[in-house]
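Trainee: Have a look at this one.
No lab work stands behind these numbers, since they all come straight from the coordinates. Worth saying up front: this structure is predicted, and the values here are computed from it rather than measured. Please note: Cβ atoms are built from the backbone with ideal geometry, for glycine as well, and neighbour counts cover all protein chains shown.
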Amino acid sequence: MGKQPRTAITPTREDNFAEWYQQVIKAADMAENSPVRGCMIIKPYGFAIWENMQNTFDPWLKEYGVQNASFPLLIPLSFLEKEAEHIDGFAKECAVVTHHRLEVGENGLVPAGKLEEPYVVRPTSETIIGDAMSRWIQSYRDLPMKLNQWGNVMRWEMRTRMFLRTSEFFWHEGHNAFETPEEAKEDCLTILDMYEKFFKEHLAFSGYKGVKTPEERFPGAKETYAFESIMQDGKALQAATTHDLGQTFSRSCGINFQGRSEKEEFAYTTSWAFSTRAIGGMIMIHGDDDGMVMPPRIAPQQIVILPVVKNIDEDGGIFDFAQKMVDELKKQGLHAHIDKRDMRTPDKMWDAIKKGIPLRVEIGNRELENKEVTFVRRDLGRPSKETISADAFVERAQGLLDQIHDTMLERSETFRDEHTVNGTTLSDIDDFFKADRIGLVRVPVALLNDDKLEAVMKAHALSTRCMPFEDEGQKVLIGKAY
RNA sequence: CGGAGCGUGGCGCAGCCUGGUAGCGCACCUGUUUUGGGAACAGGGGGUCGGAGGUUCGAAUCCUCUCGCUCCGACCA
């Protein structure tokens, strides 16, 4: 191939953000579309990110007293019917299983064996977990009960986008039950804090913790809390939510128990989740025009070593030298590897760049002679190129990764701050979006009662994102969202 | 579900208007020289044009129906 474009990804973010997003996923080899409508294939490099998220977050849940379990993929239709609001929210997007057999017909296989009662492929599991809880909880002594499952759900979305909205997606869904409403609320806030910690300290996401407006609440919830993040195109992304379900589901599912006062009582339940959508958020927050920029603590590959050799079979000792480094780095728990593929070095470099590997190390004869390495930080690019002794690199590696994380988080926070503007009136909102500015507008919650707000929101395809805790419920963020 | 666009080797496209059984770039394979920010030359393999039906001596090209995908919108993790 001849001249390459200035950036590894075409188009650039500025030129066409949506298309750029797709191209980053493709270039990093994270996922691709599948033969199934709205469902994607998560490729090994993409799935490794999800596995790392699980490996990080799951121990935190266990520490908090949550136990993992697994509930059926299929939910009896009648379960969904139990909760009116819940149905309103999900009925339109349910895949339904109506048969249990295939027979050979004139035009191929046809469904046979019609089910008495259809099953719904779970869009979320409140009802079936609630049903189990109704049997498992008999006494206040059985509370609190904290359950979680890592699994997949299906929502027949009209329009899908890889990672951000697919018909089938992976997530974890937690379902807790408590004796009192205070405990349930406390649970929601505690888990929201865990989410914030996870997103900030591991994915380098900035965001706002806050309460959802009634329109944006989970169907059936008394209150929904969210960690709301902002993407480089100014749109908000709900990265994680916790729902205070009050007694809605305990009443419809029959989660009752004998209380301390010997009376029959209904439990207070919560549910909470984040999904593979977080990967989409990582791309849109951190990615640049050369592709993915992976947050170091979640990166499947943190350090890649590129041996710069003339001939892969005559490396002059570079591989041994590099392998010793890898061994040392691995002792520190770092994910380091040598790219030994039979490819040209420049192609390996671009591959590492597009995959967003935080630290790229080059070792050629120049380095070998002096026991040195040359490294480049993905977040800063070429200007960060440095040559230091191999020993020093091994010593500094963890610190460098931490610095990369800090830089990425700081960038994200700066972006959030620069793209959140304060307003006081409806026209502040209108003017902002009329001027094609990107970001969120923070306005007094009193505006929510203004009759004309709806028209303004509709005109610019806006929604209320959340009422940030930091504003003590006095302000609401309004903007576009994924 | 409304609007727009598109389905031709793995990917991106041209060909279609003015029918004559397929072409380009990248990727891939072989060889030589290369390899520190996307290599060069030479040779080579691979598609029947989303699907069905129709018109025609003949269809990727024309007609009808259908399926699917992408983007914008409404809905939503």
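Trainee: By count of other Cβ within 10 Å, fewest leading, how are A:97, A:443, A:394, A:293 ordered?
Mentor: With the sparsest Cβ surroundings first, the list reads A:97, A:394, A:443, A:293.
Trainee: Give me the Å³ per residue figure for the convex hull around the C-alpha atoms of the range A:282-386. Don't skip to the end; give the middle numbers.
Mentor: Values: hull volume 10.2 nm³, N = 105.
Convex hull of Cα atoms, per residue: 97 Å³.
Trainee: Sorted from largest to smallest, which semi-axis lengths in Å does the alpha carbon gyration tensor of the range A:1-73 give for its equivalent ellipsoid, taking the root of 5 times each eigenvalue?
Mentor: Whole-Å semi-axes of the equivalent ellipsoid: 35, 16, 11.
Trainee: If all Cα-Cα distances of the range A:152-214 are sorted into 5 Å bins from 0 onward, what percent lands in each bin, rounded to whole numbers?
Mentor: 4, 13, 15, 17, 22, 19, 8, 2, 0
Trainee: Moving to a separate point now. Which of the GluC sites (Glu not before Pro) found in the range A:94-171 are loop residues per DSSP with 11 or fewer other Cβ atoms within 10 Å of their Cβ? Present the calculation step by step, with values, prior to reporting the outcome.
Mentor: Details: sites: A:103, A:106, A:116, A:126, A:157, A:168; in loops: A:106, A:157.
Of the GluC sites (Glu not before Pro), the ones in loops of the range A:94-171 whose Cβ has at most 11 other Cβ atoms within 10 Å are A:106.
Trainee: Also, I was wondering about something else. How big is the range A:235-325 by Rg and Dmax over its Cα atoms, in Å?
Mentor: Considering the range A:235-325 through its Cα atoms, Rg and Dmax are 26.4, 81 Å.
Trainee: Quick one: helix A:318-331 against the long Cα principal axis of chain A, what's the angle to the nearest 10°, folded into 0 to 90?
Mentor: 30
Trainee: Determine, for each peptide in A:226-235, A:76-85, the mean count of other beta carbons within 10 angstrom over its residues, then list the peptides with the highest first.
Mentor: Working: A:226-235: 23.4, A:76-85: 16.4.
Most protected by this proxy first, the peptides run A:226-235, A:76-85.
Trainee: Now for a different question. Calculate one ³J(HN,Hα) per residue across the range A:441-450 by plugging θ = phi - 60° into the Karplus curve 6.51 cos²θ - 1.76 cosθ + 1.60, and present them in order as whole Hz with x for glycine and proline.
Mentor: In residue order, the calculated couplings are 10, 9, 10, x, 4, 4, 4, 4, 8, 6 Hz.
Trainee: Applying the Karplus parametrisation 6.51 cos²θ - 1.76 cosθ + 1.60 with θ = phi - 60° to the phi angles of the range A:229-246, what ³J(HN,Hα) value in whole Hz is obtained for each residue in order, glycine and proline being reported as x?
Mentor: 10, 10, 8, 5, 9, x, 7, 8, 9, 6, 7, 7, 9, 10, 10, 8, 8, x
Trainee: Next question, about the same structure. Tell me the angle of helix A:181-203 to the major Cα principal axis of chain A, expressed in degrees between 0 and 90 and rounded to the nearest ten.
Mentor: So the inclination is approximately 20 degrees.
Trainee: Also, I was wondering about something else. Enumerate by residue number the GluC sites (Glu not before Pro) in the range A:405-482 meeting two conditions: DSSP loop (anything except H, G, I, E, B), and at most 14 other Cβ atoms within 10 Å of the site's Cβ.
Mentor: A:472
Trainee: Sequence-distant or interchain residues sharing an amide H contact under 5 Å with residue A:288, placed H: which?
Mentor: A:293
Trainee: Something else about it: I'm checking a number: the convex hull volume of the Cα atoms of the range A:345-422, normalised per residue, in Å³. What is it? Don't skip to the end; give the middle numbers.
Mentor: Details: hull volume 7.1 nm³, N = 78.
So the per-residue Cα hull volume is 91 Å³.
Trainee: Kindly provide log₁₀ I(q)/I(0) values, in the same order as q = 0.14, 0.19, 0.20, 0.21 Å⁻¹, from the Debye equation applied to equal alpha-carbon scatterers of the range A:94-231.
Mentor: -0.89, -1.37, -1.45, -1.52
Trainee: Under 5 Å between amide hydrogens, which residues at least 5 positions from residue A:39 or on another chain qualify, with H placed 1.01 Å from N in the peptide plane?
Mentor: The list, which skips near neighbours in sequence, is A:34, A:167.
Trainee: Taking chain A as the reference, fit the longest principal axis to its C-alpha atoms, fit the long axis of helix A:390-418 to the helix C-alpha atoms, and give the angle between the two in degrees, 0 to 90, nearest 10.
Mentor: Roughly 50 degrees between the two axes.
Trainee: Express in % the proportion of alpha carbon pairs of the range A:1-156 at distances exceeding 27 Å.
Mentor: 51
Trainee: Using only the alpha carbon atoms of the range A:408-482, find the Kirkwood hydrodynamic radius as the inverse mean reciprocal pair distance, in angstroms to one decimal. If you can, show how the numbers build up before the last one.
Mentor: Numbers: mean 1/r = 0.0792 Å⁻¹.
Across the range A:408-482, the inverse of the average 1/r is 12.6 Å.
Trainee: Full-extension gain between residue A:437 and residue A:104, please, as 0.36 nm times their residue separation minus the C-alpha to C-alpha distance.
Mentor: Extending this stretch completely gives an extra 114.1 nm.
Trainee: Summing -39500 (n - 2.57) over the DSSP H runs of n ≥ 4 in chain A and dividing by its residue number, what mean residue ellipticity at 222 nm do you reach, to the nearest 500 deg cm²/dmol?
Mentor: Values: 14 runs with 169 residues, N = 482.
About -11000 deg cm²/dmol.
Trainee: In terms of the ratio Rg/(2.2 N^0.38 Å) built on C-alpha atoms, what value belongs to the range A:399-446? Don't skip to the end; give the middle numbers.
Mentor: On the way: Rg = 15.2 Å, N = 48, 2.2 N^0.38 = 9.6 Å.
The value comes to 1.59.
Trainee: Please give every one of the lysines within straight-line cross-link reach of residue A:263, meaning a C-alpha to C-alpha distance under 29 Å, and leave out same-chain neighbours fewer than 8 residues apart.
Mentor: Leaving aside lysines fewer than 8 places away in the same chain, those within reach of residue A:263 are A:82, A:146, A:185, A:222.
Trainee: Here is a follow-up. Are any of the pairs A:43/A:385; A:92/A:209; A:212/A:235; A:310/A:371; A:26/A:458; A:26/A:385 more than 23 Å apart by Cα-Cα distance, and if so, which?
Mentor: A:43/A:385; A:92/A:209; A:26/A:458; A:26/A:385
Trainee: Any idea what % of Cα-Cα pairs in chain A are farther than 41 Å? Provide the component values of the computation, followed by the final result.
Mentor: Working: 33183 of 115921 pairs.
Percentage above 41 Å: 29.
Trainee: While we're on this one: Name the long-range amide H neighbours of residue A:465: under 5 Å, sequence gap of 5 or more, or other chain; modelled H, no Pro or chain starts.
Mentor: Close amide H contacts, sequence-distant or interchain: A:477, A:478, A:479.
Trainee: What's the ranking of A:14-21, A:327-334 by average number of surrounding C-beta atoms within 10 Å, highest first? Walk me through the intermediate numbers first.
Mentor: Numbers: A:14-21: 15.4, A:327-334: 13.6.
Result, highest mean first: A:14-21, A:327-334.
Trainee: Short version: ³J(HN,Hα) in whole Hz for each residue of the range A:6-17, in order, from phi by Karplus 6.51 cos²θ - 1.76 cosθ + 1.60 (θ = phi - 60°), x for Gly and Pro, what are they?
Mentor: 4, 10, 6, 10, 10, x, 7, 4, 5, 5, 6, 4
Trainee: So, one more: More than 22 angstrom separation, counting every C-alpha pair in the range A:354-475; what % is that? Before the final figure, lay out the partial values.
Mentor: On the way: 4112 of 7381 pairs.
Here the tail beyond 22 Å accounts for 56 percent of pairs.
Trainee: Then there's this: How long, wide and thick is the range A:33-85, going by the Cα atoms along their three principal axes, in whole angstroms, largest first?
Mentor: Extents along the principal axes, in whole Å: 40, 39, 19.
Trainee: List the trypsin sites (Lys or Arg not before Pro) within the range A:333-366 that fall in a DSSP loop (any state other than H, G, I, E or B) and whose Cβ has at most 13 other Cβ atoms within 10 Å.
Mentor: Passing both the DSSP loop test and the Cβ count: A:341, A:344.
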